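Worksheet: the structure to be examined is printed underneath.
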Amino acid sequence: MYDVLDSRSVLEVLRPVQDPELRKSLVELNMIRNVKIDGGKVSLTLVLTTPACPLREFIVEDCEKAVKKLPGVTEVKVEVTAETPQQKSVPDRNGVPGVKNILAVSSGKGGVGKSTVAVNVAVALAQTGAKVGLLDADIYGPNDPTMLGLGDAQITVRSTEKGEVLEPAFNHGVKLVSMGFLIDKDQPVIWRGPMLNGVIRQFLYQVEWGELDYLIVDMPPGTGDAQLTLTQAVPMAGAVIVTTPQTVALLDARKGLRMFQQMNVPVLGIVENMSYFIPPDMPDKQYDIFGSGGGSKTANELGVPLLGCVPLEISTRVGGDSGVPIVVAEPDSASAKALKAIALAIAGKVSVVALTA
């Protein structure tokens, strides 16, 4: 037991309290700062590793309980802030200035809702206070502008001493760059690999991203040029694989997942989209249109986490078509709650990768 109530005794009593995901002491991680004593009142700052920490309330509660054990404590005030850790550098791969973590949202095949997940996760992270960018790397099918309500937006190209730079569009708290801003709506992109490689690098290095906690890259389906360009160009915080429960989708998802592992990119987990259908007139019912349990089974077999399951709701499609993502349009819907939970899980795993790599 500590006889004197001072900052040292506060730090010592907090030393056993751990970050639940990192499983290390908050004190050792330098997450406890600015300890102040005013009579029996104790105040401190808890510095989380992400604004989107999914266990924020539990950590605060553990801190309060620990400090209240000290003799003479009458009140504990915990101010919460966040400092997102910088992803570790990788030899021969240049990071994007100002961007702390680059994440790929990918899929083995098209039509599984990869862009829906990418857009909603980006917006959900921004809603927590994180600084978020979205790079639409699906050059042949750039749908993110429509889904983010920026279908009619135009990005500005400025000349600087270092050459031309692009200013991203912005909506719902997310900065966006997409091929959709550079071509007409009906114009096909008929390119071979080297041209695709060039535009993805341009989107990475010639865009004025500013300071970002997370840059989410919405990948095209498959394991082709875009995936290789990204993984070979920049250090990656991790990849998220989107699939449906359907067997053919899972077969392709496995290939996409293995590709990232072979490129030494951490796979943060699998998202099972369209897990079941919820009829709008019968919200208590659900139908397994594409099967059930496939995402969980595949995650277990491949030894990666299942980040979450997102139901199929008409409102999700409506939100994508109207440019108001479901996490904004109907935040209390089953889909929105699932996507928000997935965003928090991703943020937590990115912190673990950054601080333990």
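The values are calculated or read from the model by the stated rules, or taken from the named source; none is laboratory data. Remember, predicted model here, so these are calculated numbers, not experimental data. Cβ atoms come from the backbone with ideal geometry, glycine included; neighbour counts cover every protein chain shown.
Data table
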read-out	value
Residue that is surrounded by the fewest Cβ atoms within 10 Å (Cβ to Cβ) [pool: residues in the stretch 262-277 that are in contact with a strand residue (DSSP E or B) (Cβ under 7 Å, 6 or more places away or on another chain) and farther than 18 Å from K340 by Cα]	F277
Among (1) touching a residue at least 60 places away in the same chain (Cβ under 8 Å); (2) part of a strand (DSSP E or B), the one test that Q232 misses	(2)
Residue tally, condition part of a loop (DSSP other than H, G, I, E, B) and more than 19 Å from L228 (Cα to Cα), over the stretch 94-104	3
Members of the stretch 196-208 found to be hydroxyl-bearing (S, T, Y) and in a loop (DSSP other than H, G, I, E, B), listed by number	none
For L176: the one exception among (1) surrounded by 18 or more Cβ atoms within 10 Å (Cβ to Cβ); (2) over 15 Å from L135 (Cα atoms)	(2)
First in the stretch 144-161 and within 13 Å of N120 (Cα to Cα), second anywhere and at pLDDT below 85 and assigned to a loop (DSSP other than H, G, I, E, B), Cβ under 6 Å, 6 or more apart	none
Members of the stretch 62-81 found to be loosely packed, with under 13 Cβ neighbours inside 10 Å and free of Cβ contacts under 8 Å to residues at least 12 places away in the same chain, listed by number	K65
Yes/no for E164 being at negative phi and under 23 Å from the mean Cα position of the chain (by Cα)	no
Positions within the stretch 209-228 being in contact with a strand residue (DSSP E or B) (Cβ under 9 Å, 6 or more places away or on another chain), not acidic (D, E) and not in a helix (DSSP H, G or I), in sequence order	W209, G210, L212, Y214, L215, I216, V217, M219, P220, P221, G222, T223
Qualifying residue in the stretch 150-161 (condition: at pLDDT 90 or above and among the β-branched types (V, I, T))	no
Members of the stretch 176-193 found to be within 27 Å of the chain's Cα centre (by Cα) and not β-branched (V, I, T), listed by number	L176, S178, M179, G180, F181, L182
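For (1) touching a Cys at 6+ places or on another chain (Cβ under 7 Å); (2) at pLDDT 95 or above; (3) under 27 Å from P145 (Cβ atoms), each residue gets a yes or a no:
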residue: D288; (1), (2), (3): no, no, no
residue: G295; (1), (2), (3): yes, no, no
residue: P325; (1), (2), (3): no, yes, yes
residue: L339; (1), (2), (3): no, yes, yes
